Amino acid sequence: MNIPAEYMLILSAMLFFIGVFGFFTRRNLVSLLISTELMLNAVDINFAVFNAYCQPQHLEGYIFSLFGIGVAAAETAVAIAIIINVYRNIHSIHIKKLKNLKH
Amino acid sequence: MDINMIIFGGLAIVMIVSALFAVTSSKIMRATTLLLFVLFGTAGLYFMLHYTFLGAVQITVYAGGIVVMFIFAILLIGKGSMDITQTSIRRYLAGMATALTGMALAIYLIMNTDFHSDKFTADGVDMKLLGNALMGTEKFNYILPFEAMSVLLLACTVGAIMIARKK
């Protein structure tokens, strides 16, 4: 295997900033959550790559990735529950309609 | 040009294109499916690093759990209210400028840093070692975060039921 670590890091950086772009431009709660998942996923790739290329005798990055995946699952479950509740209350998930917490 | 590089290139192209369309597509169901492709590509990257357990976890939790939850939410809310209205051109340009600047900065820093990243071995991780690291109490063992994660998942289950239940 002779893929340089830099290629993997560049791939994950691009995925992360595509997620940032989506987070800035999307106007819908579910789409915002999809962008967040892209960013979390890119960060997990970074942990695994640094573990594999820099400290292969240790397991820190590997286990951090595992815990990151677990936290992402918990976060998505709660966020989707909140989104369904928001929809039940105001019949829309467009973020322009979510004004009650603004001030 | 060896086979690993070809596989990596294919994965990278699929992931980048899927991610781009996932954040620009106007159909929410299509965006979710493209997110699924990105997650499968990430699992492929983990398999290329010989981290097979991590790849399996990625497929089960992300592709099997999170995407199914997304699809449930979309179907519960109804696709009609999901029309992704076009955002203002000013916000679009601001988001693109931020993303491109950040991407350029990150790529510049990655290319100009020496990570001492030449220690890759194709051994993968022994499952016994991983299990001991997750459940052990010695130095470099992770029983405390493991148990904290179980409490977090329990709290999240209770919280999600509390929030989403009908009054």
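Counting only residues 5 or more places away or on other chains, whose amide H sits under 5 Å from the amide H of B:LEU49 once H atoms are built in the peptide plane?
none
Please report how far the C-alpha centroid of the stretch A:11-49 lies from that of the stretch B:1-59, rounded to the nearest whole angstrom.
13
Please report A:SER92, A:SER31 as a ranked list, fewest other C-beta atoms within 10 angstrom at the top and most at the bottom.
If I rank by nearby Cβ atoms, fewest first, I get A:SER92, A:SER31.
Restrict the search to chain A; then list the trypsin sites (Lys or Arg not before Pro) that DSSP places in a loop and that have at most 13 other Cβ atoms within 10 Å of their Cβ.
Within chain A, the qualifying trypsin sites (Lys or Arg not before Pro) (loop, at most 13 other Cβ atoms within 10 Å) are A:LYS99, A:LYS102.
Taking each pair of different alpha-carbon atoms in the stretch B:3-125 once, compute 1/r for the pair, average those values, and report the inverse of that mean as the Kirkwood hydrodynamic radius in Å to one decimal.
It works out to 17.1 Å.
Could you work out how much longer the chain between B:LYS27 and B:PHE72 gets when fully extended? Use 0.36 nm per residue separation minus the Cα distance between them, nm to one decimal.
Full-extension gain reported as 14.6 nm.
Of B:MET162, B:MET5, B:MET48, how do they rank once you tally other Cβ atoms within 10 Å and put the fewest first?
B:MET162, B:MET5, B:MET48
Give the residue from A:LEU11, A:GLN55, A:ILE83 lying farthest towards the positive end of the charge dipole for the stretch A:6-91; charges sit on Cβ (+1 for Lys and Arg, -1 for Asp and Glu) and the dipole is referred to the Cα centre.
Checked the options; the winner is A:ILE83.
Below 8 Å, C-alpha to C-alpha, sequence gap of six or more: please give me the relative contact order for chain B in percent.
It comes to 16 percent, rounded to a whole number.
Can I get the semi-axes of the protein assembly as shown's equivalent ellipsoid? Compute them from the C-alpha gyration tensor as square roots of 5 times the eigenvalues, in angstrom, largest first.
33, 24, 15
Dipole magnitude of chain B about its Cα centre, charges +1 at Lys/Arg Cβ and -1 at Asp/Glu Cβ only, in debye to the nearest 20?
Once rounded to the nearest 20, the dipole reads 1020 debye.
Bear in mind these aren't lab numbers, they're just calculated from the coordinates by the rules spelled out. These numbers were taken from a predicted model, which means no experiment stands behind them. Here Cβ is always computed from backbone atoms with ideal geometry, including for glycine, and neighbour counts include all displayed protein chains.
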